[in-house]
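I have placed the structure first, in the form of structure tokens, so that the comments after it can refer back to it.
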Amino acid sequence: MSTCATASLQLTEPLAGTAAPARTWLLIEQPGPWGANALTSSHLDPAVGRALDEAAAGTGVRIALIRRPGRHADCHEPSLQRIFVAHTAPGRSWIRTTALADPAALPALDLAALGAGEHGGLWESYDGDPLALVCTNGKRDRCCALLGRPLAAELAAAGGTEVWEVTHIGGHRFSPTLFVLPYGYAYGRATAHAVKEALEAARDGRIITAHCRGRSAWERPGQAAELAVRALTGEEGADALDVTGTEGAAPRWSVTVAHTDGRAWRVEVEQGAAEPPRPESCGRALGTPARMDVVAVVPLAAARPAGLSRPS
């Protein structure tokens with residue numbers, strides 16, 4: 001299949017429900033080259049990478065490497081490496097940060113607690129601009145390098161935002177892809193203009209749904225269901241909606257989405273296959289990626305609204 005034909009297919013594939021599920025993200029600054037499996041093929045000590053991978057299993061924490069946009073010479077090693085940990089659950093999203101001389105201590109973190117949203121006062125609270133994480137790992141997918149690195153560079157040059165390149169956030173066929181913290185919404189087919197709009201909204205506690213793939217706090221059916229309710233209601237508040245229940249299994253789920261004002265909806269989501277076949281990643285063989293199709297949104301009787309708190 002030609003590159004043009006592949007690109008045309010990607011543009012028609014729905015984005016909703018394609019974000020990588022993770023309630024908490026651990027981001028480790030690591031300049032220099034990244035391999036396909038960056039935790040064990042970069043300038044990060046491979047033993048530390050393996051220990052982190054093992055420690056995170058089953059905790060709800062996803063680990064990625066980050067670096068500033070620009071040249072990544074092999075000889076560049078920072079004296080201190082910036083570390084972020086971010087929880088993305090609605091009403092309880094937070095970012096903590098520190099700078100470490102040696103990431104070898106990271107596998108000893110209580111990743112199960114961090115995955116559950118309990119930081120326990122770890123490090124410092126990050127209260128700066130939203131983090132814009134652009135996937136640029138060309139060893140994982142060449143489209144991320146070809147399309148992601150120019151986007152990251154343009155955003156960094158414009159200033160006024162906290163831009164990082166990131167190793168892997170899934171959905172390479174939607175390159176360039178972007179992940180925004182603290183709320184944890186992923187975007188695909190991103191342009192500089194659209195990203196700037198999304199970041200401006202995030203500063204105000206709002207969500208832009210154009211090009212949105214979903215909130216990583218939920219599994220894929222929940223992501224699609226929440227975006228469908230936003231489309232129906234026009235709700236922009238980042239923490240106004242929560243996925244409070246998911247019943248069923250592939251290929252059909254019934255998802256409950258609740259609003260902080262007491263409204264709720266039952267959203268029926270079906271798993272389909274993206275047809276005709278297309279590469280799931282740049283340069284890969286043809287496949288039929290799973291897609292999340294919302295087939296019904298049914299209002300439920302209003303319940304008493306639940307208060308939401310936001311820890312520091």
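With respect to the stated conditions, Val195 is of a type in the set (Val, Ile, Thr), touching a residue at least 60 places away in the same chain (Cβ under 8 Å) and under 27 Å from Ala240 (Cα atoms). Look at Ala194 and say whether it is within 21 Å of Gly32 (Cβ to Cβ), open to solvent by 10 Å² or more (accessible area, probe 1.4 Å) and out of contact with any Asp or Glu (no Cβ under 7 Å at 6 or more places or on another chain). It is false that Ala194 is within 21 Å of Gly32 (Cβ to Cβ), open to solvent by 10 Å² or more (accessible area, probe 1.4 Å) and out of contact with any Asp or Glu (no Cβ under 7 Å at 6 or more places or on another chain). Looking only at residues of segment 146-155 that are open to solvent by 30 Å² or more (accessible area, probe 1.4 Å) and closer than 16 Å to Pro33 by Cα, we find that the one that is modelled with the highest pLDDT is Arg149. From the list Ala113, Ala36, the lone residue that is out of contact with any Pro (no Cβ under 9 Å at 6 or more places or on another chain), open to solvent by 10 Å² or more (accessible area, probe 1.4 Å) and free of Cβ contacts under 8 Å to residues at least 12 places away in the same chain is Ala113. Among the residues making up segment 156-172, a single one is part of a helix (DSSP H, G or I) and open to solvent by less than 40 Å² (accessible area, probe 1.4 Å): His172.
Here is the figure for segment 208-235: residues that are open to solvent by 50 Å² or more (accessible area, probe 1.4 Å) and either hydrophobic (A, V, I, L, M, F, W, C) or part of a strand (DSSP E or B) (or both) total 3.
Only strands (runs of 3 or more DSSP E) whose full extent lies in segment 43-155 are considered here, and the ones with at least 1 residues that are of a type in the set (Phe, Trp, Tyr) and either touching a helix residue (DSSP H, G or I) at 6+ places or on another chain (Cβ under 7 Å) or more than 17 Å from Glu165 (Cα to Cα) (or both) are 94-100.
The values are calculated or read from the model by the stated rules, or taken from the named source; none is laboratory data. These numbers come from a predicted model, not from an experiment. Methodologically, a virtual Cβ is constructed for each residue, glycine included, from the backbone with ideal geometry; neighbour enumeration extends over all protein chains shown. Heads up: the accessible areas ignore ligands, DNA and RNA and are worked out on the full protein's heavy atoms, side chains in. Shrake-Rupley method; radii C 1.70, N 1.55, O 1.52, S 1.80 Å.
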